[in-house]
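What follows is a single structure, written as structure tokens, with notes after it.
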Ligand code: KG4
Ligand code: ZN
């Protein structure tokens, strides 16, 4: 199977479209975000996100096709890949309905893609020399998983968060500290000038499984800062960031000890975190494996990663049926 695939992503607040070729070269990638509409609420408001997708999906797809040098009315493409879960139901349905309409109009197949599997394909768009197996830490605003990949599209979930996602914890602590949304970048920035360890925080999940937990840590920050009200906010940020990073690195170290791999990859929005990137770089050195740190653009939600995962799924599983509906809670472990 050779040819171009159009990817469409609307699972959360980004409306994105991208054209990728069979070698995973990105011909175009367009991303519109409704984040500015959500800031005042301290989180993504589903109804606002859905409405924004409705308004922007057409122009975003058109721009992605034009940027790739294709005719936006009748593009020569092999198929369409669209995120069909997990995510916000109203948002997912906008992308999925658009993908079905384009597929019918252009006479091409479409395939529903799992958003998390999309994130796992992001490193393949930046590195053609990936060696397997690969250990991936996927940490975003909605998910936190440690995944063992034996090849593209072949994954085993070793562990995942039992409560909040890592990014969600960053956002909640930032909100508690009176910082803006999303909170991860703000805490990361503040932490540069703070002293980690100023705030005594527990390390959660010290068992030898690979599951994660961040909600206790968030509560601990709230309690501790209520007691130490005069502590500089930068110190709180640095202490929290260090505690999150330590938990993630401990679990990754355990996973690497029991599952020999060739590479260690980061994916998802929290992969932009400076402490995590530094820690993963060191950990990869310690184990003598290659570290794959995505560019900032590939950390966050985009449609190129969906097009890449869709290229694989079209090849291996074939197209989806037009009966396909959105699956808001689609687990990575349930991807065929
Ligand atoms: O993958 P993403 O763009 O959207 C989801 O699918 O969730 O991830 C967004 C999350 C937010 O929670 C945001 O606070 C977090 O990634 N984030 C960070 C950083 N940049 C973004 N967290 C920690 N440090 C950062 N530098
Ligand atoms: Zn995501």
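Just so it is clear, none of the values below were taken in a lab; they were calculated from the coordinates. What you see is a predicted model; the values in this text were computed from it and never measured. Note that we place each Cβ from the backbone using ideal geometry, even for glycine, and neighbour counts take in every protein chain shown.
Given a Förster radius of 30 Å and the C-beta distance between residue 278 and residue 126 as r, what FRET efficiency does 1/(1 + (r/R0)^6) yield to the nearest 0.05? Result of the calculation: an efficiency of 0.95. Per-peptide packing, taken as the mean over residues of other Cβ atoms within 10 Å, places 264-276, 69-81 in the sequence 264-276, 69-81 from highest down.
Ranking 147, 157, 5, 222 by Cβ neighbours within 10 Å, fewest first, what do you get?
Numbers: 147 25, 157 17, 5 31, 222 13.
Starting with the residue having the fewest Cβ neighbours, the order is 222, 157, 147, 5.
Quick one: 300, 281, fewest Cβ neighbours within 10 Å first, how do they rank? It would help to have the intermediate numbers written out before the result.
On the way: 300 23, 281 14.
By the 10 Å Cβ count, ascending: 281, 300.
When every Cα-Cα distance of the range 130-297 is counted in 5 angstrom steps from zero, the calculated P(r) takes the values 2, 9, 19, 23, 20, 13, 8, 4, 1, 0, 0 percent. Over the Cα atoms of the range 217-322, the radius of gyration divided by the Kirkwood radius equals 1.12; this is the Rg/Rh ratio. Each part reduced to its alpha carbon centroid, the range 1-52 and the range 264-312 end up 18 Å apart.
Given the alpha-carbon gyration tensor of the chain, what are the semi-axes of its equivalent ellipsoid in whole angstrom, ordered largest first, with each equal to the square root of 5 times an eigenvalue? Walk me through the numbers on the way to the answer.
Details: eigenvalues 242, 106, 51 Å².
After diagonalising the Cα gyration tensor, the semi-axes are 35, 23, 16 Å.
Counting DSSP beta bridges in the chain, what percent are antiparallel, to the nearest 5? Could the numbers behind the result be given before it?
On the way: 24 of 42 bridges.
In the chain, DSSP labels about 55 percent of beta bridges as antiparallel.
Pop a pseudo-label 7 angstrom from the Cα along the beta-carbon direction at both residue 176 and residue 325 and give the gap in nm to one decimal. Going by the 7 Å Cα→Cβ label model, 3.8 nm.
Summary value for the chain: 24 percent relative contact order, contacts being C-alpha pairs under 8 angstrom separated by 6+ residues.
With contributions of -39500 (n - 2.57) from each DSSP H run of at least four residues, the per-residue ellipticity at 222 nm computed over the chain stands at -14000 deg cm²/dmol. Counted over the range 130-297, the DSSP beta bridges are approximately 55% antiparallel. If I fit a long axis through the Cα atoms of helix 274-287 and take the longest principal axis of the Cα atoms of the chain, what angle between them do I get, 0 to 90°, rounded to 10? Taking Cα atoms only, the helix is inclined about 90 degrees.
Remark: C-alpha extents of the range 188-246 on the principal axes read 36, 23, 14 Å, sorted largest to smallest.
Grab the alpha carbons of the range 77-177, take their convex hull, and tell me the volume per residue in Å³.
On the way: hull volume 13.4 nm³, N = 101.
Value for the range 77-177: 133 Å³ per residue.
Protection proxy ranking for 128-137, 180-189, using the average of other Cβ atoms within 10 Å per residue and placing the highest first: 180-189, 128-137.
Straightening the chain between residue 215 and residue 39 buys 61.2 nm, computed as 0.36 nm per residue apart minus the Cα-Cα spacing. Springs join every pair of Cα atoms under 10 Å in this Gaussian network model of the chain, and among 43, 153, 207 the largest mean-square fluctuation is at 207. Comparing Cα centroids, the range 124-168 and the range 193-209 end up 23 angstrom apart.
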